[in-house]
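**Q** Pasting a structure below so you can have a look.
Read-outs: derived from the displayed coordinates by stated rules, not from any lab. Bear in mind the structure is a predicted one, so any value in this text is a computation, not a measurement. Note that we place each Cβ from the backbone using ideal geometry, even for glycine, and neighbour counts take in every protein chain shown.
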């Protein structure tokens with residue numbers, strides 16, 4: 001049951017990001033839920049491999065390359081889902097940062113309401 005709530009909250013975060021950041025478009029809430037599901041899959045299975053492979057670059061950039069990697073994965077997600085568009089790299093970069101913050105806030109609020 002908890003993963004369904006997290007999926008709904010992350011879908012809401014995608015909708016919020018699409019409404020706040022120019023250059024990101026989501027067709028509807030069902031598309032946002034699919035985006036949240038695919039982003040969860042990408043962040044669980046693909047991101048750790050890429051982080052490991054790019055560890056030397058991340059080391060020399062003091063971890064800032066992780067932001068670039070997140071933006072690439074966010075843009076990659078938009079390539080697989082019709083109805084979800086990320087038009088520029090800068091939109092992907094800002095979108096990946098904002099979606100992390102909004103998702104973290106929404107999940108924190110949810111945990112606070114449950115207690």
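**Q** Inspect all residues belonging to region 94-115 and state whether any of them is at positive phi, exposed (fewer than 13 other Cβ atoms within 10 Å of the Cβ) and not in a helix (DSSP H, G or I).
**A** no
**Q** I would also like to ask the following. Got a sec? Which of 59, 29 is within 24 Å of residue 2 (Cα to Cα), without any contact (Cβ under 8 Å) to a residue 60 or more places away in the chain and loosely packed, with under 15 Cβ neighbours inside 10 Å?
**A** It is 29.
**Q** On the given criteria, is residue 13 surrounded by 18 or more Cβ atoms within 10 Å (Cβ to Cβ) and out of contact with any strand residue (DSSP E or B) (no Cβ under 6 Å at 6 or more places or on another chain)?
**A** Considered against the rule, which asks whether it is surrounded by 18 or more Cβ atoms within 10 Å (Cβ to Cβ) and out of contact with any strand residue (DSSP E or B) (no Cβ under 6 Å at 6 or more places or on another chain), residue 13 comes out as yes.
**Q** Regarding residue 51, is this residue free of Cβ contacts under 8 Å to residues at least 24 places away in the same chain, surrounded by 16 or more Cβ atoms within 10 Å (Cβ to Cβ) and in contact with a helix residue (DSSP H, G or I) (Cβ under 9 Å, 6 or more places away or on another chain)?
**A** In short, no.
**Q** Looking for whichever is part of a helix (DSSP H, G or I), under 24 Å from residue 7 (Cα atoms), out of contact with any strand residue (DSSP E or B) (no Cβ under 6 Å at 6 or more places or on another chain) and without any contact (Cβ under 8 Å) to a residue 40 or more places away in the chain here; the options are 38, 72. Which one fits?
**A** 72
**Q** Still on this model: Which one of 66, 57 is within 24 Å of residue 90 (Cβ to Cβ) and more than 16 Å from the chain's Cα centre (by Cα)?
**A** From the options 66, 57, the qualifying one is 57.
**Q** Moving on to the next point. So which residues in region 1-35 are over 11 Å from residue 102 (Cβ atoms) and not in a helix (DSSP H, G or I)?
**A** 1, 22, 23, 24, 25, 26, 27, 28, listed by residue number.
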